[in-house]
Amino acid sequence: PLITSAYVSRVLRPEGVGANAFTNSIIQYFILFASMGIGYYGNRQIAYVRDNRTKMAKTFWEIQIVKTMMTLVSIIAFEVFLIFYTRQFDYMLAQSLNLIAVAFDISWFYEGVENFKVTVLKNSLVKIISMIAIFLFIQGPHDVTLYIVVLALSTLLGNLTLWPDIYRDLPKIKIKDLNPWIHFLPMVELFIPQIATQVYVQLNRTMLGVMVNETASGYYQYSDNLVKLILALVTATGTVMLPHVANAVSRGDMKKVNQMLYKSFDFVSAVAIPMMFGLAAISLTLAPKYYGLGYGPVGPAMMIESIVILMIAWSNALGVQYLLPIHHQKQFTISVTVGALINIILNFPLIHFYGLNGAMWSTVLSEIGVTMYQLIAVRGLLSYRILFSSLWKYIISGVVMFLPIFWMNMHLQDSWLMMGLEVIVGVVIYVAMVIVLKVPIVNETRNLIINRLQSKKTH
């Protein structure tokens, strides 16, 4: 996305980008129904039984059968929807390929067994192919439909490449031994929080398209794309830690579970805080420079949205890495429902009066609501003193980094070279500050490097 977004934004222009963002926000509701909370549930269940290959194979096929059935129901529902929704029919039909791709997504299995290499390598290859296709075939504003098709087909192809390994990794299971519907109600439990999450992920784009215009929906998506791209490093810890924590829970080692959470929370805080302040410092000039003329409104929107980097980092650690593996789905569900309600209530007045920036503030306040509720939910399970022991040091380091970088961004030459220099200076300032303040993660990182080097020498 770092490469293609800058190209697509100029070729399709804000109107084309907005059309894709708006129609994609609609298809995501049907994709949500087809997925049925399987991303979290499947990952966790596979982690529970991964030491028994027969049980793991049985669990995989049972969950996959339910997912296939729900995808078929979702496709039928979408076809019915198209009878009544006649706007942008070509765009909507092209978006439906994303729905078909859902049926073949088994990345949750490889996450459960902590085999990330397979998904990363194969999907990276497919992304490179799709990037080449975008540069070859997307040439002007009239290619919006083709652009949607290329993205959807790349997702479908990426999902299909994972299947050959399944037949090698899992033993054969008799169909009569499968009981897929025992997983249905537990899936629904995790489906409810996903519905709530999608409300304030997708609803903002949909409401902007309806209340303002589709171009505003595109601005929102392009701001969100860069923020989520930066967030990927932080939220990746959730994908990695969920099966790891779930496996520890299955062995009854709750002391280890809490220790892992404290370390993970400290890590995401150490990484998310400089990301938040760093993006805010350069966002006003980054957006129009990166996306091109006509994308000026993305800058202020991105500056506002940068706050969610820290909020999502914390809620990912508390919710995905802790509450879900220890079977506290109820608290997780309530937390994201609180966020959804805040978003729905605030969207109407904030979008009405402030448009794009109003939607951004609604998103920020929603994420704050989610995180605050999760912090309340874990108060009897975790120690706030340990969780936040180094937080003040990270915040001071982030603020000290932000002030000179923001000044440089506003007053010095506006060029890519200068922006690169600003990023480097920001990293140096932040790292220097955490070293001066003697943050524990510095010693842990140093010890990790020393141990790795010694391990390589031994081998």
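The values are calculated or read from the model by the stated rules, or taken from the named source; none is laboratory data. Predicted model only: the values in this text are computed from it and were never measured. Cβ: placed from backbone, ideal geometry, glycine included. Neighbour counts: every protein chain shown.
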ask   = Here are some residues: ILE166, ILE134. Which one is more than 30 Å from ILE273 (Cα to Cα) and at pLDDT 85 or above?
value = ILE134
query = GLU79: surrounded by fewer than 23 Cβ atoms within 10 Å (Cβ to Cβ) and in contact (Cβ under 8 Å) with a residue 12 or more places away in the chain, yes or no?
reply = no
ask   = Among the residues of the range 370-393, which ones are within 23 Å of the chain's Cα centre (by Cα), crowded, with 20+ Cβ neighbours inside 10 Å and closer than 30 Å to ILE429 by Cβ?
value = THR371
Breaking point among (1) buried (at least 20 other Cβ atoms within 10 Å of the Cβ); (2) at pLDDT below 90; (3) touching an Asp or Glu at 6+ places or on another chain (Cβ under 9 Å); (4) closer than 22 Å to LEU190 by Cα, for MET311 = (2)
key: Residue in the range 397-406 that is buried (at least 20 other Cβ atoms within 10 Å of the Cβ), in the same structural domain as VAL427 (by TED's automatic domain parsing) and touching a Leu at 6+ places or on another chain (Cβ under 7 Å) present   = yes
note = If we take the range 11-120, then helices (runs of 4 or more DSSP H) inside it with 1 or more residues that are closer than 26 Å to TYR291 by Cβ and either among the aromatic types (Phe, Trp, Tyr) or not assigned by TED's automatic domain parsing to the domain that holds LEU324 (or both) are 89-102
message = Within the range 397-410, does at least one residue satisfy the condition of being under 16 Å from VAL271 (Cβ atoms), of a type outside the set (S, T, N, Q), touching a residue at least 60 places away in the same chain (Cβ under 8 Å) and out of contact with any helix residue (DSSP H, G or I) (no Cβ under 6 Å at 6 or more places or on another chain)?
response = no
Looking only at the range 298-321, and only at residues there that are in contact with a Pro (Cβ under 9 Å, 6 or more places away or on another chain) and touching a residue at least 24 places away in the same chain (Cβ under 8 Å), the one that is nearest to SER5 (Cα to Cα) = VAL298
query = When the range 1-42 is examined, which residues are found to be of a type in the set (Phe, Trp, Tyr) and modelled with pLDDT of 85 or more?
reply = TYR7, PHE22, TYR29, PHE30, PHE33
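Restrict the check to the range 312-328 and report whether at least one residue is more than 20 Å from the chain's Cα centre (by Cα) and part of a helix (DSSP H, G or I).
Scanning the range 312-328 turns up no residue that is more than 20 Å from the chain's Cα centre (by Cα) and part of a helix (DSSP H, G or I).
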